[in-house]
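**Q** This is the structure I want to talk about, given as structure tokens.
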Amino acid sequence: MTVLVTGSAGFIGYHTCKVFLKKKYKVLGIDNLNPYYSVKLKKKRIDLLSENYKSQFQFFKIDLTNKEKIKKIFNKYKPKIVIHLAAQAGVRYSIENPDQYIKSNILGFFNILDCARVAKIKFFFYASSSSVYGNNKNFPLSEKYRTDDQLSLYAATKKSNEIIARSYFNIFGFKSVGMRFFTVYGPYGRPDMFMFKLLESMYFKKKLYVYNNADHFRDFTYIDDVVNSIFLLSKSKKIINKNLVVNIGRGSSIGLKKIIKYVQELTGKKPNLKFIKMQKGDVKKTHSDLSNLRSLIEYSPKIDYRKGLLLFIDWYKKYKKIN
Ligand SMILES: NC(=O)c1ccc[n+]([C@@H]2O[C@H](COP(=O)([O-])OP(=O)(O)OC[C@H]3O[C@@H](n4cnc5c(N)ncnc54)[C@H](O)[C@@H]3O)[C@@H](O)[C@H]2O)c1
């Protein structure tokens, strides 16, 4: 069985490829290796997949705005499952660089969705985001709630993906599962995200701007829980013939202050923090309701922030060669 994973050089994409490769699937990875953050890290992820799974993994450097190239991949390799994770990520970056979000997250999304429809793909999964909930304060956040008040362009592109996928279901009967991820962290994680930056600040004294004076709460979700959920969703009979959106989180909300304190205890180091006011586009708190996910896959994310941070710090120290 062949799986096509877009954004395979990205954080979640790399781990998603790995989980399917371990289960002996063939995996086709697509990514444009853009320089939003370290291209070296993106290449490292691809190298690891290519070296460890030589006969099962193939990588294609393609920009999803190029529909012809995507079509060729579908025609030649005939994947059975598509997991679309490529996107321009980041809430704050979308304020200064809106064009990139429209290109990758709207046009790129449409191109892969439409190619998948033409190829009659039965299992189309795509990354949405907890940011679609905006500042909804009815915690935990359930897929049943209305989501029509996004605070950033990034969130608006993710909500648009869900709407477009819904319309494809209504028009063509094309089925898909939108996965609303909640603040994912772990090994080979994104350097632009809080957890990674916190360690940079601890070990290398890099200045970390902490928004809203750290009065933020996030449903931090360890990467293994995310990719296990994706894998189990791809096997679930309960998704067949449906158009769904599903939360993928840890199901608990932790304050940033608590995380900073805990990492300080674990590392014995003091971070270089600069507290600043709330930023446009940011939401104050996220906390996922996982009843829908549990009903679909009979699995619930397990790794709490204490264990997850131990694993993440362990990886970070090896990666940066810190004793
Ligand atoms: N990490 C999180 O906490 C989180 C939370 C919510 C949603 N998401 C979503 O999950 C997905 C994966 O996130 P991630 O954290 O792995 O991000 P990431 O930035 O590490 O990975 C995205 C990858 O997509 C590639 N890409 C971007 N535009 C492209 C294009 N036009 N053509 C081809 N490749 C392109 C990038 O080069 C990158 O490698 C994204 O859609 C993101 O919006 C992530």
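**Q** Here is a check on your reading of the model: is Gly29 more than 23 Å from Lys120 (Cβ to Cβ), buried (at least 18 other Cβ atoms within 10 Å of the Cβ) and not polar (S, T, N, Q)?
**A** no
**Q** Give Lys307, Lys270, Lys280 a once-over and let me know the one that is more than 23 Å from the chain's Cα centre (by Cα) and of a type in the set (Lys, Arg).
**A** After ruling out the rest, the residue left standing is Lys270.
**Q** Suppose we filter Gly281, Gly308 for residues that are assigned to a loop (DSSP other than H, G, I, E, B) and not polar (S, T, N, Q); which single one remains?
**A** Gly281
**Q** Report, by residue number, each residue of region 284-305 that is out of contact with any Asp or Glu (no Cβ under 9 Å at 6 or more places or on another chain) and assigned to a loop (DSSP other than H, G, I, E, B).
**A** Within region 284-305, Leu290, Glu298, Asp304 qualify.
**Q** Looking only at residues that are surrounded by fewer than 22 Cβ atoms within 10 Å (Cβ to Cβ) and not β-branched (Val, Ile, Thr) in region 118-132, which one is nearest to Ile70 (Cα to Cα)?
**A** Result: Ala119.
**Q** Still on this structure: Restricting to region 193-209, what's the tally of residues that are closer than 18 Å to Tyr316 by Cα, touching a strand residue (DSSP E or B) at 6+ places or on another chain (Cβ under 8 Å) and not in a loop (DSSP other than H, G, I, E, B)?
**A** Result for region 193-209: 8.
**Q** Continuing with the same structure: Any idea which of (1) over 15 Å from Val177 (Cβ atoms); (2) in contact (Cβ under 8 Å) with a residue 12 or more places away in the chain is the one Leu232 doesn't satisfy?
**A** (1)
**Q** From Asn323, Asn247, which residue is polar (S, T, N, Q) and either outside any strand (DSSP E or B) or without any contact (Cβ under 8 Å) to a residue 12 or more places away in the chain (or both)?
**A** Just a single option satisfies the conditions, and that option is Asn323.
**Q** If the requirement is being in contact with a Leu (Cβ under 9 Å, 6 or more places away or on another chain), away from the ligand (no atom under 15 Å from the Cβ) and β-branched (Val, Ile, Thr), which of these qualifies: Ile70, Ile81?
**A** None of the others qualify; the one that does is Ile81.
**Q** Also, quick follow-up: Of the numbered conditions (1) more than 11 Å from the ligand (Cβ to nearest atom); (2) under 18 Å from Phe181 (Cβ atoms), Ser94 fails exactly one; give the number of that condition.
**A** Of everything listed in (1) more than 11 Å from the ligand (Cβ to nearest atom); (2) under 18 Å from Phe181 (Cβ atoms), Ser94 misses just condition (1).
**Q** Checking the structure you have, find out if any residue of region 185-192 is at pLDDT 95 or above and either in a helix (DSSP H, G or I) or among the polar types (S, T, N, Q) (or both).
**A** Scanning region 185-192 turns up no residue that is at pLDDT 95 or above and either in a helix (DSSP H, G or I) or among the polar types (S, T, N, Q) (or both).
**Q** Could you look through region 97-111, keep only residues that are more than 9 Å from the ligand (Cβ to nearest atom) and aliphatic (A, V, I, L, M), and pick out the one that is farthest from Gly7 (Cα to Cα)?
**A** By that ranking, first place goes to Ile102.
The values are calculated or read from the model by the stated rules, or taken from the named source; none is laboratory data. Source: prediction; values computed, not measured. Note: ideal-geometry Cβ built from the backbone for every residue, glycine included; neighbour counts use all protein chains shown.
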